[in-house]
Every structure is written in C-alpha cells, then in structure tokens.
Amino acid sequence: MSNVIIVGTQWGDEGKGKIVDLITERFDVVARYQGGHNAGHTVCISDRQFILHLIPSGILHADKCCVIGNGVVIDPAALDEELQMLSEAGIFTEGRLFISNRAHLILPYHTAVEEAEERLRGAKAIGTTSRGIGPCYEDKMARRGLRVGDLQHPDRFRQKLSDRVEQKNRLLEQVYQAPRLDVQAIFERTMQRAPQLLSFATDTAEYLSGAINDGKSVLFEGAQGTQLDVDHGTYPFVTSSNATAGGACTGTGVGPSRINGVIGIAKAYTTRVGAGPFPTELRGEIEVRIREKGTEYGASTGRPRRCGWFDAVVVRYAGLINDLSTLVITKLDVLDGLDEIRICVAYKYRGEVLRFFPTDMEILSQVDPVYESHPGWQTDTSQIHDYDELPQAARSYLNRLSELVGADISIISLGPNRDETIILEESSRLKALLKE
Ligand code: GDP
Ligand code: IMO
Ligand code: MG
C-alpha cells in the first residue's frame, strides 16, 4: 500500500479537493498536515457542493478515517461550524476523525492582531484570509502557542491564556491602537467548544504510524500551494506554513521513508488570491473570461482570484521542490473556446533569460514572461471521458505542459464533478502510487 502526498504546484486553489476526493477510495486514511481554515477545498458530488476548510476532503467517503495533523492550526469555532455543516449533510465524523493534540489553537487574539497588522501595512498588505493563521504560527514558533492538548486542563489553560491575552492586549493597545480583548470571554467561549474538540483529540503521529504498520495507506492532503509555502514561495506574500511536500512529514510526524510519492496538482492556467508578484497575470477581456468560466472566486473569502496564463517556470520549480512523481492538470475545460492559449516558458530580466526561479521578489515582480503561443480549440471538453477524444490542440497543449514541467500527466480534470475526469490508465507512475 502506498502513502502519497497531494500538493498544490501554484498559488493554491488548483483543485486539490476534487482530486483528493477522486482518489480517496484507494486509501484508508486522509491526513491534513498544514494550514488551517484559510484553505477552501471544493468537492462536487452529483448536484451537491461541499467546501472543506479544516477537515480533510476524504471525510466525504463514509468508510475512511481522517486526520488533522499537528502542523494544522485550528480555530475551534471554525471546526465547530464545519462539523455542523457535515452533520447537517448526514456525514458523521465520530470514530473516524482524529485531531492531533499537538495542533495549535487559533484564538480570537490572533485574528485581532492580524487585522491590526494588515491595516497598518496599508498598500503593502499581504491580503491574507483574515483567519488568524499567521499570528497563530508566529506564537507556535515563539513557543507561546496554546495547543489542543492544553484544553484538557482548564485551570492551566486559563492561566496560560491569561498571560497570552495580557501580552496581546499590550500589543493591540500600545502598538496598534486597537481595542483590548477580554480573557474571561475568550476562556468561556473556548471551553464551551473544548469537549467536542477533545473528543477527537489524540496522538495522531502514533495513530498514523500504527495504521501504516498495519498495512493501511495514507493520503496526505496539502493545503495552499508551493508558491504560498513560507520557505519556498513568493515570500513575504505567502502563508505561514510549509505547504510543500516536506510539510507532510513535519506536519504529521510520519517519516519521509514511509512516503512513496507526490502528486502535484496544477491548473491549466494560473490563479492567485491576495497580493504579490504574478508574472503571467492577465488583465482585461481574457482574464474576465477565465474568471467567469472557471468561477475563480475564493472558496474561503469569496474574493475574485487574479488569473493568468500557465506559468511553466512556476510548475517546474514546484517539481524541483516537491520531487513530483506525477502531475494532474485541472480545469482544462475552462480554456475551451479560446482562439489562442499562451504558456510562459521562461522569464527575462533586464534582457537576460533567468536560469532559475528567482529568490528575490523584486526581480520576480519585474520579469518579462517569455510566451509560446498555442492554438486553442472550439470543442466543449467537459463531456469527454477519453483522452483520444480530446481535440488535437488540447492534447498538444497538455504534451507541451508535461514536457516543460518535466513530469508525466496522469489525470486531466474537465469539470468539478468526479466523473468529469480522464485518468490516463497507461500512466505507470500513477498506477504504482494507487496500487491496491
Ligand atoms: P483547492 O483549494 O485546490 O481544493 O481548489 P478550490 O476548491 O479552492 O478551487 C477549485 C475550484 O474549481 C472549485 O470550485 C472546484 O469545484 C472547481 N474545479 C475543480 N476541478 C475543476 C475542473 O476540472 N473544471 C472546472 N470547470 N472546475 C473545476
Ligand atoms: P487552498 O488550500 C489560495 C493566500 C491568501 C494570502 C496568503 C496569506 O484553498 O488552496 P493567510 O490567511 O494564509 O495568512 O494568507 O495566502 N491563501 C490562499 N490562496 N488558496 C488557499 O488555500 C489559500 N490560503 C491562503 O490569499 O495571499
Ligand atoms: Mg481553495
């Protein structure tokens, strides 16, 4: 049985939720390893749409277990809301959802600090999802975070919380001129939700290790994407966790030698939400057309996503960072009907072609994309289920993406639903990863 990581190769929203849902049947456990409810993973099953933020998309399969690993940050209110949404949809989580007691808690002061910081940044704001993600990871790294396990001891929790709120109040009042927060109110609200959260809490590293030892297979569901990774992405316009494949090990406590491969998800074009450099960004008619056809609005915040051509430099770089075993291309159908489709094959900076993805964001924001032009196709691809039936122009576009990125394409997604997908059966890489 294989243990496989799903990773976003661009700036998030590549369609990870759909692909996780699609291949979950081949695994026993699905585990989230980083991020929090900044993620929005959409899964469409027949005429029902689910948007998962914290809980792995695998939860929609009634016979699978799901893990929220230690690398995830959890807002108890967001978790509560998501559990309620699932319960109302008739999806039960008891006995099959396990939450790490080492996962850090997002508390109201994280959101308050983030809001104040973003306001102060003004035009230089990151454009975060305002979920308190960054400040929560800051506290984790500063060794003053509160974790799920802390909820087991209300008195100790109250004491620690009181210290933290005092510290944040000084920051809010003296630096940001923002209102103070009330410890007692935060304590009471958190404690109301504690019993439910604790009913799922366990040492998930031990759980996963036991499952793998018993021959079970684990699918690691990444959130965000390579360019939003705090180390490897377009820093500082990133999220505050390791969204790349390495994060799966630190974020769950599963060692690297137990993982068999990495599936990279890429959109057939590029999108980005929030601020930061985006070399292939489009403006005008084509951008609007892609945004509307692709419904490119944030699954968490509803913000319109910035849209651009496929950037092979970005996805090739994701190949390097994540060591992709195979590539999934999603939303090819969104390009139906365009006369011309472009692919960025390289960057030029001050007249010179760059050999590597730049680490300096000033340079990235000034590069000129070098484009190749490809003919579009006028066919509706969303109804096609066989690779050979795709228009010739679509097939050559896919071949070129694969060649430029340096990875085999094994799945092509042509719509939000499970059946709007072509799985290339001859892909030996995929077969090896999904073997029973
Ligand atoms: P994630 O964050 O990577 O899981 O992606 P999101 O769910 O935020 O965004 C992907 C959006 O595209 C969702 O609305 C999906 O339902 C939709 N989607 C996924 N795959 C396809 C596809 O192949 N074609 C089209 N048209 N929509 C898709
Ligand atoms: P999924 O898992 C797209 C972006 C935000 C902002 C930056 C930092 O659905 O692909 P944060 O709130 O994380 O501190 O914001 O990261 N961002 C995402 N963009 N998809 C996501 O998740 C994202 N999660 C965060 O827009 O630019
Ligand atoms: Mg998303």
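The values are calculated or read from the model by the stated rules, or taken from the named source; none is laboratory data. Just so we're clear, the structure is a prediction, and the values are computed from it rather than from any experiment. Counting neighbours? That spans all protein chains shown, and the Cβs are built from the backbone with ideal geometry, glycine included.
A few remarks follow.
- Members of segment 313-369 that are out of contact with any helix residue (DSSP H, G or I) (no Cβ under 6 Å at 6 or more places or on another chain) and of a type in the set (S, T, N, Q): ASN322, THR330, THR359, SER365, GLN366
- Of the residues examined, ILE341 is not one that is within 13 Å of ligand 1 (Cβ to nearest atom) and among the aliphatic types (A, V, I, L, M).
- Residues that are touching a residue at least 12 places away in the same chain (Cβ under 8 Å), over 23 Å from GLY302 (Cβ atoms), away from ligand 1 (no atom under 16 Å from the Cβ) and outside any loop (DSSP other than H, G, I, E, B) occur at least once in segment 253-276.
- Test: residue in segment 322-336 that is more than 17 Å from ALA394 (Cα to Cα), crowded, with 19+ Cβ neighbours inside 10 Å and more than 16 Å from ligand 1 (Cβ to nearest atom): yes
- The set of residues from segment 43-63 being part of a loop (DSSP other than H, G, I, E, B), touching a residue at least 12 places away in the same chain (Cβ under 8 Å), more than 28 Å from ASP214 (Cα to Cα) and more than 10 Å from ligand 1 (Cβ to nearest atom) comprises just one member, SER46.
- Residue in segment 141-151 that is within 16 Å of ligand 2 (Cβ to nearest atom), under 24 Å from GLN224 (Cα atoms), of a type in the set (A, V, I, L, M, F, W, C) and buried (at least 19 other Cβ atoms within 10 Å of the Cβ) present: no
- Hits in segment 19-42 - residues which are away from ligand 1 (no atom under 12 Å from the Cβ), part of a helix (DSSP H, G or I) and not polar (S, T, N, Q): ILE23, GLU25, ARG26
- Given (1) assigned by TED's automatic domain parsing to the domain that holds ALA31; (2) more than 12 Å from ligand 1 (Cβ to nearest atom); (3) not small (Gly, Ala, Ser), index of the condition GLU285 fails: (1)
- Residues considered: GLY247, GLY251, GLY255. Of these, the only one that is in the same structural domain as LYS216 (by TED's automatic domain parsing), over 16 Å from the mean Cα position of the chain (by Cα), within 30 Å of PHE98 (Cα to Cα) and not β-branched (Val, Ile, Thr) is GLY255.
- Here SER300 meets the list (1) away from ligand 3 (no atom under 16 Å from the Cβ); (2) of a type in the set (Gly, Ala, Ser); (3) touching a His at 6+ places or on another chain (Cβ under 8 Å) almost entirely, failing just condition (1).
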